[in-house]
Amino acid sequence: MRDFHCPNCGQRLAFENSKCLSCGARLGFSLDDMALLVIAPEQESEHAGAVDERKYRLCANLYLAECNWLVEKGPVVKLCQSCTLTRTRPDDADGKALAAFAVAEKAKRRMIAELHELKLPIVGRDEDPDYGLAFDLLSSEQEKVFTGHANGVITLDLAEGDDVHREQLRVAMEEPYRTLLGHFRHEIGHYYFYRLVSGSPEYLQQFNDLFGDPDLDYQAALDRHYSEGAPAGWEATYVSSYATMHPAEDWAETFAHYLHIRDTLDTAAAFGFAPAGATFDRRALGPSGFDTIIDLWLPLAWSLNMVNRSMGHPDLYPFVLPAAVLEKMCFVHTVIDEVTG
């Protein structure tokens, strides 16, 4: 994620800011510019980094989802590129669920921005009614909700936004890492298997060689995983125990870790503790491209883990990347690079 600054006064800002806490300027995030812009009156809108308030406003979900993204003004108040992908949300009367909804949308916006940086196609339900991307963000306090993906629709249990609930699940499932952003990145991996891989005989063959048959009985694999657990020695070939459950989950877990690594490298480079070549702006080209990314990542991950330990926190990236996992992740990188290049 970029290092943002207020165009008006230069104050350092966070991705989520809708107001500069130094000069008070109203701000909105522009996905096309990957920048926070000042929303200014007509007489001030010619200044660099400013947009005319007659033409732009903040997303209709400014308060509901705490969204700070810019939209064009019109007769109907619009949703931004991220919020418009949400198909289902909690009822207006459910204050607790709506608070969790805002937390989930914040994580989703960060993911959508990364997908945009990687130039990955984001095809919504309006373009592809059968397999377009959509999000159902639901509260399990009112109904049973299963986080997952089906035909482009990503469902998320908003209880995952509750730190206590999520930590209890993480411990119960013996996971080293569990976050809302992680859930989104995992589930979007399923979407991109359909969007990038399943229609390509060449990619499908490589997928089968690396991950296994994606058409294996999913329910049988799920039942086996939760009754028997991960096989002994899984750490040598999988990025997580959950990845052992089914080839589709192995792909989604590997895809999520690729997104973890790319965004963290970009952020580190923006703040000066990774080389400039780690940013999304500097594409890692050619057969050595993925190796370059990993050569940047491994020392950074180690140092960040040590920094976390110095503060008494668990490792920031508590994972090992053996050769077999790196080979799978290289395939993810190659698919993305070739499709978006």
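The values are calculated or read from the model by the stated rules, or taken from the named source; none is laboratory data. Keep in mind the model is a prediction, meaning the values are calculated, not measured. Methodologically, a virtual Cβ is constructed for each residue, glycine included, from the backbone with ideal geometry; neighbour enumeration extends over all protein chains shown.
For segment 295-324, a residue qualifies if it is of a type in the set (A, V, I, L, M, F, W, C) and more than 13 Å from HIS260 (Cβ to Cβ), and the qualifying residues are LEU296, LEU298, TRP302, MET306, VAL307, MET311, VAL320, ALA323, ALA324. Checking each residue in segment 93-136 for being more than 11 Å from the chain's Cα centre (by Cα) and of a type in the set (Lys, Arg) picks out LYS96, LYS119, ARG125. Taking the criterion of being at pLDDT below 85 and basic (Lys, Arg), the residues of segment 138-177 that qualify are ARG166, ARG170. In segment 161-184, the residues that are without any contact (Cβ under 8 Å) to a residue 24 or more places away in the chain reach residues that are in a helix (DSSP H, G or I) and surrounded by 14 or more Cβ atoms within 10 Å (Cβ to Cβ) with C-beta atoms within less than 6 angstrom, at least six apart or across chains, in these pairs: HIS165/ALA159; ARG166/GLU160; ARG178/ARG166; ARG178/ARG170.
For segment 148-176, the set of residues classified as under 24 Å from TYR192 (Cβ atoms), assigned to a helix (DSSP H, G or I) and hydrophobic (A, V, I, L, M, F, W, C) consists of LEU158 only.
The set of residues from segment 239-295 being in contact (Cβ under 8 Å) with a residue 60 or more places away in the chain, farther than 30 Å from LEU222 by Cβ and either not assigned by the TED database to the domain that holds PRO214 or not hydroxyl-bearing (Ser, Thr, Tyr) (or both) comprises ASP266, ALA270, PHE271, PHE280. Among the residues of segment 108-123, some residue qualifies, meaning at least one is over 23 Å from LEU265 (Cβ atoms) and either out of contact with any Cys (no Cβ under 8 Å at 6 or more places or on another chain) or surrounded by fewer than 19 Cβ atoms within 10 Å (Cβ to Cβ) (or both).
Residues checked against (1) of a type in the set (Gly, Ala, Ser); (2) surrounded by 17 or more Cβ atoms within 10 Å (Cβ to Cβ); (3) touching a Leu at 6+ places or on another chain (Cβ under 9 Å):
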residue: LEU210; (1), (2), (3): no, yes, no
residue: ALA220; (1), (2), (3): yes, no, no
residue: TYR226; (1), (2), (3): no, no, no
residue: TRP234; (1), (2), (3): no, no, no
residue: MET245; (1), (2), (3): no, yes, yes
residue: HIS257; (1), (2), (3): no, yes, yes
residue: ARG262; (1), (2), (3): no, yes, yes
residue: ALA270; (1), (2), (3): yes, yes, no
